[in-house]
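Notes for the one structure printed next.
The values are calculated or read from the model by the stated rules, or taken from the named source; none is laboratory data. All values reported here derive from a predicted model rather than from experimental measurement. Every residue, glycine as well, gets a Cβ built from its backbone with ideal geometry; the counts of neighbours run over all protein chains shown.
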Amino acid sequence: MHPFRHLTPTTSAEAIHLLATTPGRPRLLAGGTTLLDLMKLNVEQPELLIDITRISGLREISIDGDTLVLGALVHMSDVADHPVIKRDYPVLSEALWRGASQQIRNMATLGGNLLQRTRCSYFRDTQFACNKRAPGSGCAAIDGGNRGHALLGTSSQCIATYPGDWAVALVAMDASVDTLSPRGQRTIPVAELHRQPGNSPHIDHVLAPDEMIIGTRVPASPLGRASTYLKIRDRESYAFALTSSAVALSMDGNRVRDARIALGGVATVPWRAREAERSLIGKALDETAARLAGALAFAGVQTSPQNAFRVPLGINTLVRALMIAKGRT
């Protein structure tokens, strides 16, 4: 690990000032469950860590009108275990329960979880070429071991899969994040927060270098209670998804009034399956309709012999998630 400085601002304004005025590559530190790991591997080499854990006002869970508001420093476990969230937004609770080990849930924060790097084993190993780690160096994953790499949203520069679960559930619930920078505050839909790799895979999200997330907003919705997050992985705990589905439904009898579908584990960003959603509206929800939605969700995938098995697995995951959500209406 390279030497670095460590500062502990006590206000969001002070943290933003440090981000904006410090040369080099300063990084915000909250739970540190991804950042410190990458620093130990010399993948990340910040000259300054800005420890924001002493900033007050960013650890609150509250209701603002008809919107659930979650501070950026709220720990994953606090939301996963929250009785109101478990009742009204099971998709959010389940995404966090299935997203990491209990130790990491107790340490990791919501803001940091959203901004974890899209990464793969080649990104983490500096002996291999990686356009995300070293722009222009090439992508060893494309012709290498790519069983777990992305099927959707890839480019000739990068095929790494976005690894998070929390953001996938937020996309399904039309959530947004509040951010702060020297230019003031703005609100960004979570569906627009992460960037597909294109020709600049080293840029993971749309935040400016001097901008930080201060909170997440989840609008109240009749879809909340009839929702679920289903994650399929190689082992039951502490593993990234091979496929996952975040689903929320509003039903009129057996017919779908409204639907939200987001896919995880299969794309370079949290993936909203809007065409699949539209295919369900006004239809009786049975396995046939669910399987058609699954086929639409995975239309246009880019596969290799190593990861093609995840297409039927992903369709089956979505079908099962839709049936679980229907059972909760």
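Here are the criteria: (1) touching an Asp or Glu at 6+ places or on another chain (Cβ under 9 Å); (2) buried (at least 24 other Cβ atoms within 10 Å of the Cβ). Tell me which single one VAL319 does not satisfy.
Here VAL319 clears every test but (2).
Kindly provide the set of residues from the range 205-237 that are surrounded by fewer than 22 Cβ atoms within 10 Å (Cβ to Cβ), assigned to a loop (DSSP other than H, G, I, E, B) and not small (Gly, Ala, Ser), ordered by number.
Residues satisfying the conditions are VAL206, LEU207, PRO209, ASP210, GLU211, PRO222, ARG225, ARG233, ASP234, ARG235, GLU236.
Between VAL256, VAL269, VAL247, which is surrounded by 19 or more Cβ atoms within 10 Å (Cβ to Cβ) and either in a loop (DSSP other than H, G, I, E, B) or out of contact with any helix residue (DSSP H, G or I) (no Cβ under 7 Å at 6 or more places or on another chain) (or both)?
The match here is VAL269.
Looking at PRO189, PRO182, PRO201 in this structure, which one is out of contact with any helix residue (DSSP H, G or I) (no Cβ under 6 Å at 6 or more places or on another chain), assigned by TED's automatic domain parsing to the domain that holds VAL79 and surrounded by fewer than 21 Cβ atoms within 10 Å (Cβ to Cβ)?
PRO189 is the lone residue from the list that is out of contact with any helix residue (DSSP H, G or I) (no Cβ under 6 Å at 6 or more places or on another chain), assigned by TED's automatic domain parsing to the domain that holds VAL79 and surrounded by fewer than 21 Cβ atoms within 10 Å (Cβ to Cβ).
Quick one: how many residues across the range 278-316 are farther than 26 Å from GLY144 by Cβ, among the polar types (S, T, N, Q) and surrounded by fewer than 18 Cβ atoms within 10 Å (Cβ to Cβ)?
Residues in the range 278-316 being farther than 26 Å from GLY144 by Cβ, among the polar types (S, T, N, Q) and surrounded by fewer than 18 Cβ atoms within 10 Å (Cβ to Cβ): 2 in total.
Hey, among the residues in the range 121-158 that are in a helix (DSSP H, G or I) and of a type outside the set (Ser, Thr, Tyr), which one's farthest from GLN306 (Cα to Cα)?
ARG124
With ALA308, ALA289, ALA284, ALA293 as the choices, which residue is outside the structural domain of ALA169 (by TED's automatic domain parsing), out of contact with any helix residue (DSSP H, G or I) (no Cβ under 9 Å at 6 or more places or on another chain), without any contact (Cβ under 8 Å) to a residue 60 or more places away in the chain and under 23 Å from ALA226 (Cα atoms)?
ALA284
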